[in-house]
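Trainee: Just dropping this structure here.
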Amino acid sequence: MEAVVLKPRSKSDMLFLLDFAKRIGVSAKTIDTEKMEDAKFISLIEEGLKTETVTRSEVMNALRA
């Protein structure tokens, strides 16, 4: 099944969307986007820690590119 993600501009917009979903019989819930972003950032850091060791010059060359 697929899902739709909406990011409202304000708390009142969010409440409107939640109420609308309830009225039409669609399940809806809120999520904390900051926590999602933090979790993604943590996973990227952990992934980076598992990569092979590189030299300082390789890092500097990559940053210049």
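The values are calculated or read from the model by the stated rules, or taken from the named source; none is laboratory data. Keep in mind it's a predicted model, so treat the numbers as computed, not measured. These area figures cover heavy atoms from the full protein model, side chains too; ligands, DNA and RNA do not enter into them. Shrake-Rupley method; radii C 1.70, N 1.55, O 1.52, S 1.80 Å.
Trainee: Sorting M1, M36, M60 by accessible area (1.4 Å probe), largest first, what list results? Walk me through the numbers on the way to the answer.
Mentor: Values: M1 235, M36 105, M60 60 Å².
From most accessible down to least: M1, M36, M60.
Trainee: Going Cα to Cα from K40, which aspartates and glutamates come in below 20 Å? Please leave out same-chain ones fewer than 8 positions away.
Mentor: D32
Trainee: Kindly report the accessible area of the chain per residue (heavy atoms of protein chains, probe 1.4 Å, no ligands, DNA or RNA), in Å².
Mentor: Values: 6750 Å² over 65 residues.
That works out to 104 Å² per residue.
Trainee: Rounding to the nearest 10 and keeping the result within 0 to 90°, find how far the Cα-based axis of helix 33-49 lies from the longest principal axis of the chain.
Mentor: Helix 33-49 sits roughly 20 degrees off the main axis of the chain.
Trainee: Rounded to a whole number, what % of the accessible area of the chain do carbon and sulfur atoms account for, probe 1.4 Å?
Mentor: Details: 3960 of 6750 Å².
Roughly 59 percent, rounded to a whole number.
Trainee: Which of these values of Kirkwood radius over Cα pairs in Å was calculated from the structure shown: (i) 14.1; (ii) 15.8; (iii) 16.5?
Mentor: (ii)
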